[in-house]
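Enquirer: I'd like to ask some things about the structure below.
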Amino acid sequence: MDELLAVVTRKGQVTIPAEVRKALALKRGDVVVFTRPDSPTGATTLRRAPTARTSVAERLFGSLHSDVAAMNPDQENAAFERAVAAEGDSLPHQSKPPDTDG
């Protein structure tokens, strides 16, 4: 087993060496788990956390897939106007406005 060195910054941060990131298939935003040693000179381990803590973007990626092609703004406006007109045609027509005097 290779030992790799990293320096602790004044903020307590450490850069995980590239070899370790590659071995654990870590990418930006991944969560890791440390085991606490029994003493200051004891060994600790680092492992990838369960994937349940992925980002919202990763969890939702692909969920909005559709076989319907996207519309440009002009097409969206025209489709909206057609839908409003169709909905208006299906409403019951009144011969006079409703009485609002109560």
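The values are calculated or read from the model by the stated rules, or taken from the named source; none is laboratory data. Quantities reported herein were computed from a predicted structural model and do not represent experimental measurements. Note: ideal-geometry Cβ built from the backbone for every residue, glycine included; neighbour counts use all protein chains shown.
Enquirer: Inspect all residues belonging to the stretch 50-73 and state whether any of them is under 30 Å from residue 23 (Cβ atoms), modelled with pLDDT under 80, surrounded by 10 or more Cβ atoms within 10 Å (Cβ to Cβ) and over 12 Å from the mean Cα position of the chain (by Cα).
Expert: yes
Enquirer: Condition test on residue 20, is it within 30 Å of residue 56 (Cβ to Cβ) and either exposed (fewer than 10 other Cβ atoms within 10 Å of the Cβ) or touching a residue at least 24 places away in the same chain (Cβ under 8 Å) (or both)?
Expert: Taking the combined requirement at face value, the residue satisfies it.
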